[in-house]
Amino acid sequence: MDFPEHLRTLRKEARMSQRELAERVDVDFTYLSKIENGRVEPPSETVLKKIAKELAVALGQDETELSDDLITLAGKIPSDLAETLARNPQAVQFLRSIGDDVRSPSEWQRLIRGRSQDQE
């Protein structure tokens, strides 16, 4: 599912109109409509975080996870991760080293679980 479709689906699941969500995140509802229809590029990380916050509350989801999902689906890298990568060349090397070894969400979850168990 692409970003505009995913955003529209989440908003509808939250039972919000475009106008209501737009008012809550302080953007014009026509702008939100254009985002959902793919007529403009996804918004800034700041706006995506506001959207995630409102939708997370309405859907009972984790705000940080939803924010990360929206940001990455929009083709962006969360700024805190970009800063980590900028400060740590080893992090970049690690991501390059696993490259094609991790292809699916379930493989990422397995890698994360293994990392969490290593830290215990």
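The values are calculated or read from the model by the stated rules, or taken from the named source; none is laboratory data. Quick caveat: nothing in here was measured; it's all calculated off a predicted structure. Please note: Cβ atoms are built from the backbone with ideal geometry, for glycine as well, and neighbour counts cover all protein chains shown. Note: accessible area is taken over every heavy atom of the protein model, side chains too, but ligands, DNA and RNA are not part of it. Shrake-Rupley method; radii C 1.70, N 1.55, O 1.52, S 1.80 Å.
When a/c reaches 1.5 or more, the comparison of a/b and b/c decides; with that in mind, is segment 1-65 rounded, prolate or oblate per its Cα gyration tensor? Rounded.
The portion of the accessible surface of the chain made up by carbon and sulfur, rounded to a whole percent, is 47 (1.4 Å probe; DNA, RNA and ligands excluded). At an R0 of 22 angstrom, the distance between the Cβ atoms of residue 46 and residue 1 translates into a FRET efficiency of 0.40. Taking a Cβ cut-off of under 11 Å around residue 36, the surrounding Lys, Arg, Asp and Glu residues balance to a net charge of +3, with basic ones at +1 and acidic ones at -1.
Averaged over its residues, segment 9-88 has an accessible area of 60 Å² per residue, based on protein heavy atoms and a 1.4 Å probe. What FRET efficiency comes out for the pair residue 79/residue 106, r = Cβ-Cβ distance, R0 = 22 Å, nearest 0.05? Calculated transfer efficiency: 0.20.
Hey, what number do you get for the chain at 222 nm if only DSSP H runs of n ≥ 4 count, each worth -39500 (n - 2.57), divided across all residues, to the nearest 500? Counting only the DSSP helices, I get -22000 deg cm²/dmol. Taking a ≥ b ≥ c as the square roots of the eigenvalues of the alpha carbon gyration tensor, the chain is prolate, as a/c is not under 1.5 and a/b beats b/c.
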